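Take a look at the structure below.
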Amino acid sequence: MKLQQRPRRNRSSEALRSMIRENVLTPNDFIAPLFVKEGKGEREEIKSMPGHARLSIDELIKEARELHSLGVEAIALFPAIDDSKKTTDAKEAWNPENLNFKAARALKEALPDMLLMGDIALDPYSSDGHDGIVDPRSGEILNDQSVEALIKQSLASAKAGFDILGPSDMMDGRIGAIRSALDHENFERTLIMSYSVKYASGFYGPFRDALASAPKKGDKKTYQMDPANAREALREASLDEAEGADILMVKPGLPYLDVIYRLRQQTTLPIAAYNVSGEYAMVKAAAQNGWIDGEKVMMESLTAFKRAGCDIILTYFAKEAARLLH
Ligand code: PBG
């Protein structure tokens, strides 16, 4: 056979393959989500997320140091708030002495160079388990009242030392409102990574176990997006960009690579993907059963985000993947 084109030639050795590789992962692509709880010396395993635990602040700092030594330079903090502190107005969310802010101050003191991202949404603090304020009569999630609460949470988060705020609530107009409030209080250096495109997804199950934050009634479909929609994702993202977001996020990750790719065509901003808890749990469960090679699937999945156009990946695999990349 006299073939003119033999694409296999470029794959014939590892040296060639690595020379022509289009996308590479590095540990500083990752943001590692970590869960914090009250107490000392505690690591309380999260059953549906093997390898992850709710950590007391001292353990959290150890974990952050380890991540940093592996080249992971950003973490996203999620607090497991005691039920007794959850209320309908979620006011614990902006209490300067709350668990989240105590942890942030301790982390910043121990590791000033580690970028710290804080979630902006009411669900960990809300007795209703919703990201916004619930109208007690109609059960509706009240947009503008929720934005007022999110502004208080954002200002308190910036004060506590968070470098990046991640509004994950999907209320309308919150990016602009939070940006103005931050600038007004001289927090113009605090970044906003908007969860711009967040779907009403079944893939958040293990995370809601970890924080006991599942909605008490109803679902999140009036604020999180319909998984059937992609054009609407572009609309959400353009609004956030116009309102001053620094980084746009798509969430969940793997089932929405097409959305990431489309967004890549539309924006010049950095794009992040959240490789969420359910995606992590599926890989872990299959690997524990010996049904897949967990490490291989992990690296393949993370690379897929880069191929789709992401700059940043929030992933529970951060530590494991960073170890392999070393
Ligand atoms: C809360 C929030 C959620 C996640 C991040 N922030 C859950 C939800 O919206 O119900 C999910 C993360 C994951 O599943 O890993 N606003």
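Filter the range 169-215 for residues that are part of a loop (DSSP other than H, G, I, E, B) and among the charged types (D, E, K, R); which is least open to solvent (accessible area, probe 1.4 Å)? Looking at residues that are part of a loop (DSSP other than H, G, I, E, B) and among the charged types (D, E, K, R), I get Asp169. The single condition from (1) in contact with a Gly (Cβ under 8 Å, 6 or more places away or on another chain); (2) of a type in the set (S, T, N, Q); (3) assigned to a loop (DSSP other than H, G, I, E, B) that Ser146 fails is (3). Among the residues of the range 130-142, those that are in contact with a Lys or Arg (Cβ under 9 Å, 6 or more places away or on another chain) and either among the acidic types (Asp, Glu) or at pLDDT 95 or above (or both) comprise His130, Asp131, Val134, Ile141.
Yes or no, residue by residue, for (1) assigned to a loop (DSSP other than H, G, I, E, B); (2) open to solvent by less than 50 Å² (accessible area, probe 1.4 Å); (3) under 30 Å from Leu99 (Cβ atoms):
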position: Met1; (1), (2), (3): yes, no, no
position: Gln4; (1), (2), (3): yes, no, no
position: Arg9; (1), (2), (3): no, no, no
position: Ala15; (1), (2), (3): no, no, no
position: Ser18; (1), (2), (3): no, no, no
position: Glu22; (1), (2), (3): yes, no, no
position: Asn28; (1), (2), (3): no, no, yes
position: Phe35; (1), (2), (3): no, yes, yes
position: Glu38; (1), (2), (3): yes, no, yes
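You will find that of Ala233, Ala212, Ala272, the residue that is in contact with a Cys (Cβ under 9 Å, 6 or more places away or on another chain) and either more than 15 Å from the ligand (Cβ to nearest atom) or not charged (D, E, K, R) (or both) is Ala272 and no other. When the criteria are applied in full, Ala245 meets the requirement of being among the aliphatic types (A, V, I, L, M), at pLDDT 95 or above, outside any helix (DSSP H, G or I) and under 30 Å from Arg179 (Cα atoms). Here are some conditions: (1) part of a loop (DSSP other than H, G, I, E, B); (2) at pLDDT 95 or above. Asp258 meets all but one. Which one does it not meet? With respect to (1) part of a loop (DSSP other than H, G, I, E, B); (2) at pLDDT 95 or above, Asp258 is out only on (1). Inside the range 216-230, residues that are farther than 24 Å from Lys306 by Cα and either more than 13 Å from the ligand (Cβ to nearest atom) or open to solvent by 60 Å² or more (accessible area, probe 1.4 Å) (or both) make up a count of 7. Entry remark, the range 299-323: residues being under 20 Å from Ser18 (Cβ atoms), of a type outside the set (Gly, Ala, Ser) and under 17 Å from the mean Cα position of the chain (by Cα) number 3 in total.
Restricting attention to the range 253-270, the residues that are surrounded by fewer than 23 Cβ atoms within 10 Å (Cβ to Cβ) and touching a Gly at 6+ places or on another chain (Cβ under 7 Å) add up to 2.
Look at (1) over 21 Å from the mean Cα position of the chain (by Cα); (2) in contact (Cβ under 8 Å) with a residue 24 or more places away in the chain; (3) open to solvent by less than 80 Å² (accessible area, probe 1.4 Å) and you find that His326 fails only one, number (3).
The values are calculated or read from the model by the stated rules, or taken from the named source; none is laboratory data. Predicted, not measured: the structure shown is a model, and the values here were computed from it. Cβ atoms come from the backbone with ideal geometry, glycine included; neighbour counts cover every protein chain shown. These area figures cover heavy atoms from the full protein model, side chains too; ligands, DNA and RNA do not enter into them. Shrake-Rupley method; radii C 1.70, N 1.55, O 1.52, S 1.80 Å.
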